[in-house]
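Participant: First, the structure itself, so that you have it in front of you.
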Number of protein chains: 2
Amino acid sequence: MSIIHNVAVSKKSNIYFDGKCVSHTLLLADGSKKTVGVIFPSQLTFNTAAPEVMEVVAGKCRVKLAGSDAWQDYGAGERFSVGANTSFQIDTTETLDYVCHFG
Amino acid sequence: MSIIHNVAVSKKSNIYFDGKCVSHTLLLADGSKKTVGVIFPSQLTFNTAAPEVMEVVAGKCRVKLAGSDAWQDYGAGERFSVGANTSFQIDTTETLDYVCHFG
C-alpha cells in the first residue's frame, strides 16, 4: 500500500461539486499541505490558488490546462502541474484516487 | 480544525456502496488503524470484522445495531460502538464526516 508518512489529517472532509470530489487535508511536519482524495467520473473545472502538483494514484482522466488547446491523458503513477491562480478542466473516466501537493 | 496527529495515510481510498462511502486508512504509531471518511445520504448496512468505534465529526445519522429494535440518533461530536463480527444499519440524513477507530 502506498502511504504518506508523518502527517496530521483533518477529520472533516472537503466536498466539492455535489460530492464528485471528496478530499481530506494533510499537514506535513515541514508546514506544507497536501490533500488526498477521490474524483468520481465527471467533467469538472478546478480553480487553483497556490500552484499544485496532482499525482494520480489510481484511475484515469484527461486534463486541459487553461490557455491550452490540448487534452492530456493521465493514469496511475502520473502527475501534472498547475500554476497559481489559474484553472484546469478534468474529465475523469475512471474514478480517480489522487494526492494534490501544494506549494 | 479538528485533526489527528502523527499518522501515515493511504494514498488510495476505500470506496463502498457505489461511492456512498469513501474513506482513507490511517496507520498510527502504536500500530492501530483508523479510517477517516464520508458517508453520503443513504441507507446502508455495514458488517464489522474488528470491533470499532464510529465518531461522528459532522452530519446526522441514525443507527440500529444488529439484534436491536431501537434506532439511535447521532450527530457531530457523538460516537457509537459496534462489536466484532456483527453489523449495523445506518441511515445518513446529512452527509457524514466520520472517524472509525478500530480495535
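Participant: Residue by residue, what Karplus-based ³J(HN,Hα) values in Hz, rounded to whole numbers, does segment B:72-77 have, using 6.51, -1.76 and 1.60 with θ = phi - 60° and x for Gly and Pro?
Facilitator: Once rounded to whole Hz, the list reads 10, 7, 9, x, 3, x.
Participant: Here's something else I'd like to know. If you plug each phi of segment B:96-102 into the Karplus form 6.51 cos²θ - 1.76 cosθ + 1.60 with θ = phi - 60°, what whole-Hz ³J(HN,Hα) values come out, in order, with x for Gly and Pro?
Facilitator: Rounded to whole hertz, the list is 9, 9, 9, 10, 9, 9, 9.
Participant: Right, next: Taking 8 Å as the Cα distance limit and 6 or more residues as the minimum spacing, I'd like the relative contact order of chain A as a percentage.
Facilitator: 31 percent
Participant: Still on this model: Pick from B:Lys11, B:Lys20, B:Lys33 the residue whose mean-square fluctuation is largest in a GNM of chain B, springs joining Cα atoms under 10 Å.
Facilitator: The residue with the greatest mean-square fluctuation here is B:Lys11.
Participant: Continuing with the same structure: In the Gaussian network model of chain A, springs joining C-alpha atoms below 10 Å, which of A:Leu28, A:Leu65, A:Leu44 carries the largest mean-square fluctuation?
Facilitator: Maximum fluctuation in the GNM of chain A, among the listed residues, is at A:Leu28.
Participant: 7 Å along Cα→Cβ for the label point: how many nanometres lie between B:Ala49 and each equivalent label in the other copies, listed shortest first?
Facilitator: The projected label point of B:Ala49 is separated from its counterparts by 3.9 nm.
Participant: Calculate the dipole size of chain A relative to its Cα centre from +1 charges on Lys and Arg beta carbons and -1 charges on Asp and Glu beta carbons; express the result in debye to the nearest 20.
Facilitator: Charge dipole, chain A, about its Cα centre: 300 debye, nearest 20.
Participant: Right, another one. Return the whole-Å distance between the Cα centroid of segment A:63-103 and the Cα centroid of segment B:2-70.
Facilitator: 28 Å
Participant: Taking amide H atoms as placed 1.01 Å from N in the peptide plane, list the residues 5 or more away in sequence, or in a different chain, whose amide H sits under 5 Å from that of B:Thr86.
Facilitator: Those qualifying (amide H under 5 Å, at least 5 residues apart or on another chain) are B:Thr48.
Participant: While we're looking at this one, here's another question. Nm distances between the label at A:His5 and the same-position labels in the remaining copies, 7 Å along Cα→Cβ, shortest first?
Facilitator: Those separations, rounded to one decimal, come out as 1.9 nm.
Participant: Here is a further query. Could you give, in nm with one decimal, how far B:Ser87 is from each other copy of that position, shortest first, with labels 7 Å out from Cα toward Cβ?
Facilitator: Spacings between copies for this position, smallest first, are 4.5 nm.
Read-outs: derived from the displayed coordinates by stated rules, not from any lab. As the structure is a computational prediction, the values presented were derived from the model and not from experiment. Please note: Cβ atoms are built from the backbone with ideal geometry, for glycine as well, and neighbour counts cover all protein chains shown.
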